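Enquirer: Once you've had a glance at the structure underneath, I'll fire off some questions.
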Amino acid sequence: MKYAQVFTCDIANGPGCRTSLFVSGCTHHCKDCFNEVAWDFNYGREFDSQVQDELIKESRPSYIDGFTFLGGEPMEVANQKALRPFLERIRTELPGKNIWIYSGYTYEELTDPHNTRCHSEDTDAILAMTDVLVDGRFELDKKDITLRFRGSSNQRVIDVPETRKNGHIVLSKYGEKEKLL
């Protein structure tokens, strides 16, 4: 897997101060995507063990609240293969950090075992390690710059552990009605 960029001390893509990894590769091609350059699976640098070690090291301080994965599309099957072991490493080495994933796929698409476009042998394990999933494709006609942590009103900010526990979508406190003031 390749990645387009990394932001350390990011405050825009989830609550608090975060490490954000923008993966390369996306098949959605949303109109007016903010990161069109990351559609190409071959764009950027290799997400190798040296990069992973550095991200873990940079994220150890207590002022880093967690990780955010976006892109591109982290939940493309090809990207899941590389992300799953890294998320497992985060959960082992940095257990207090939360994990956010931005995906153009909906939760329902990701959890559908027959949807081979985005569901693989890694998907359930990744979702089990995810605290918040911001799901749904960016839709230009639903763009709303006042929404917190999402670009269009169709996107949901999902509390994944509660959703998995309850068997239905549970929105995060960071979602649905909350807007920037």
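Throughout, read-outs are computed from the coordinates displayed, never taken from laboratory work. Small disclaimer: the values here were computed from a predicted structure and weren't measured. Backbone-built Cβ (ideal geometry, glycine too); neighbour counts: all protein chains shown.
Enquirer: Does Ser172 count as touching a strand residue (DSSP E or B) at 6+ places or on another chain (Cβ under 9 Å) and either of a type outside the set (Lys, Arg) or under 19 Å from Thr27 (Cα atoms) (or both)?
Expert: yes
Enquirer: Can you tell me which residue within segment 90-129, out of those that are among the β-branched types (Val, Ile, Thr) and not in a loop (DSSP other than H, G, I, E, B), is surrounded by the most Cβ atoms within 10 Å (Cβ to Cβ)?
Expert: Applying the filter and picking the extreme gives Ile101.
Each row is one residue, and each column tells you yes or no for (1) among the β-branched types (Val, Ile, Thr); (2) in contact with a Ser or Thr (Cβ under 9 Å, 6 or more places away or on another chain).
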residue	(1), (2)
Ala38	no, yes
Val51	yes, no
Phe67	no, yes
Lys97	no, yes
Ala125	no, no
Lys142	no, yes
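Enquirer: While we're looking at this one, here's another question. Being under 20 Å from Glu88 (Cα atoms) and surrounded by fewer than 19 Cβ atoms within 10 Å (Cβ to Cβ) is the filter here, so list the residues in segment 14-54 that pass it.
Expert: Correct list: Glu46, Asp48, Ser49, Gln50, Val51, Gln52, Asp53, Glu54.
Enquirer: Go through (1) touching a strand residue (DSSP E or B) at 6+ places or on another chain (Cβ under 7 Å); (2) surrounded by fewer than 16 Cβ atoms within 10 Å (Cβ to Cβ); (3) of a type in the set (Val, Ile, Thr); (4) more than 18 Å from Leu133 (Cα to Cα) one by one and return the number of the condition Ile11 breaks.
Expert: Just one mismatch for Ile11, condition (4).
Enquirer: Restricting attention to segment 72-82, does a residue exist that is under 12 Å from the mean Cα position of the chain (by Cα) and on the phi > 0 side of the Ramachandran plot?
Expert: Yes.
Enquirer: Taking segment 78-89 as the region of interest, how many residues are within 13 Å of Ile56 (Cβ to Cβ) and surrounded by 17 or more Cβ atoms within 10 Å (Cβ to Cβ)?
Expert: Qualifying residue count, segment 78-89: 2.
Enquirer: Collect the residues in segment 58-82 that are closer than 21 Å to Cys9 by Cβ and in a helix (DSSP H, G or I), keeping them in residue-number order.
Expert: Glu58
Enquirer: I'd like to know if segment 140-160 contains one or more residues that are out of contact with any strand residue (DSSP E or B) (no Cβ under 8 Å at 6 or more places or on another chain) and under 23 Å from Arg84 (Cα atoms).
Expert: Checked against the condition, which is being out of contact with any strand residue (DSSP E or B) (no Cβ under 8 Å at 6 or more places or on another chain) and under 23 Å from Arg84 (Cα atoms), segment 140-160 yields no hits at all.
Enquirer: Suppose we keep only residues that are in contact with a Gly (Cβ under 8 Å, 6 or more places away or on another chain) and surrounded by 18 or more Cβ atoms within 10 Å (Cβ to Cβ) within segment 137-151. Which one would you say is farthest from Thr27 (Cα to Cα)?
Expert: Once the filter is applied, the top-ranked residue is Phe149.
Enquirer: Suppose we filter segment 130-171 for residues that are part of a loop (DSSP other than H, G, I, E, B), within 21 Å of Asn98 (Cα to Cα), of a type in the set (S, T, N, Q) and touching a residue at least 24 places away in the same chain (Cβ under 8 Å); how many remain?
Expert: Final tally of qualifying residues: 1.
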